[in-house]
Ligand code: 5GP
Ligand code: MN
């Protein structure tokens, strides 16, 4: 039995913020879920909306399918202790809200709650969003899911305070590469968030600029292994490296995820790929493009997804085998279309 309220929308259409907010306004019990290996946009969006609904008196929990522990750099966002392990998510949640999650599978072990929940609201900005809920607030032009959450909070009339604003700012700053790819309206939102007292320097240091000393020798090994292939990616250049389990045995995921941001700066390569060993012969791959190649199309060939300039997938086999298949996928990946908003060749933004 689906929730009463607004008309479920199981087509590709997107509900308005008014419709989505109407669903939230009457909810007494809300489960907010982020994608597996949540980043600051996914978890920050879930916590910001969770904090607001909690304050309005709803019973609220926030969860994600993996890993078991909240990433250390994001722990400070959960000021009200809303995060619970997946086992504590009801088997039949009343209202499930999936944030920054393009497909059901990205919820990992919580994906089955999509089938059992009373209603499922999907709030996301991925172009590849599969509209797997009963209600959808999906805007591929939003720089981050956090932008859409702020729209919901404004519609609900929730006053912004520092803890909520900090969660939203965390999503914005990380998904826009520290506002390099933020549009003017996103800068205006950032100004609103900062006005509540968010400390951008402290928060950004926690999120992006803090690593244990062991990060440095890991980088030395992994960056020393990088290879540049000028002829790959349709002659636009591919740079790639691998992070083996042994390279990062005692390091957090944050250290491993940071590698692609260094590799992608290679001037001779349009595309950067980092193959991260999850277990022997299983790789989580991060792809980044500068502006011309649509890497989400290449990721989709492996069953992954993401945005045109930042995408990922999981693959089995040897590193060389995965790289071979990746070269082929990049060889026929489409080019990004010029952005109507900026007139330049830019892909979808954010993560
Ligand atoms: P990252 O490389 O930072 O892990 O991910 C870049 C983008 O690709 C993000 O938008 C992320 O959600 C998406 N992404 C990463 N891995 C996968 C995957 O295995 N499947 C899908 N569908 N998307 C992914
Ligand atoms: Mn995002």
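Exactly one of these conditions fails for residue 282: (1) in contact with a strand residue (DSSP E or B) (Cβ under 7 Å, 6 or more places away or on another chain); (2) at positive phi. Give me its number.
Just one mismatch for residue 282, condition (2).
What are the pairs, 6+ residues apart or on separate chains, where a residue within region 270-293 that is farther than 15 Å from residue 258 by Cβ has its Cβ under 8 Å from a residue that is part of a loop (DSSP other than H, G, I, E, B) and within 16 Å of ligand 2 (Cβ to nearest atom)?
Filtered contacts from region 270-293: 285/304; 289/308; 289/309; 289/347; 290/309; 291/309; 291/347.
Restricting region 300-322 to residues that are assigned to a helix (DSSP H, G or I) and without any contact (Cβ under 8 Å) to a residue 24 or more places away in the chain, which is surrounded by the most Cβ atoms within 10 Å (Cβ to Cβ)?
In this case the residue turns out to be 321.
If residue 101 satisfies every condition in (1) under 24 Å from residue 255 (Cβ atoms); (2) in a loop (DSSP other than H, G, I, E, B) but one, which is the exception?
(1)
May I ask you to verify whether residue 157 is within 12 Å of ligand 1 (Cβ to nearest atom), at positive phi and out of contact with any helix residue (DSSP H, G or I) (no Cβ under 7 Å at 6 or more places or on another chain)?
For residue 157, the condition - within 12 Å of ligand 1 (Cβ to nearest atom), at positive phi and out of contact with any helix residue (DSSP H, G or I) (no Cβ under 7 Å at 6 or more places or on another chain) - is not met.
Among the numbered conditions (1) more than 9 Å from ligand 1 (Cβ to nearest atom); (2) touching a strand residue (DSSP E or B) at 6+ places or on another chain (Cβ under 8 Å), tell me where residue 291 comes up short.
Every condition holds for residue 291 apart from (2).
What number of residues in region 14-68 are over 23 Å from residue 87 (Cβ atoms) and not in a helix (DSSP H, G or I)?
So the count comes out to 5.
Find the residue count for region 217-246, including only residues that are more than 25 Å from the chain's Cα centre (by Cα) and in a helix (DSSP H, G or I).
Going through region 217-246 one residue at a time, the tally reaches 5.
Just so you know, all these numbers are worked out from the coordinates, no wet-lab data involved. Not measured: the values here are computed from a predicted model. Counting neighbours? That spans all protein chains shown, and the Cβs are built from the backbone with ideal geometry, glycine included.
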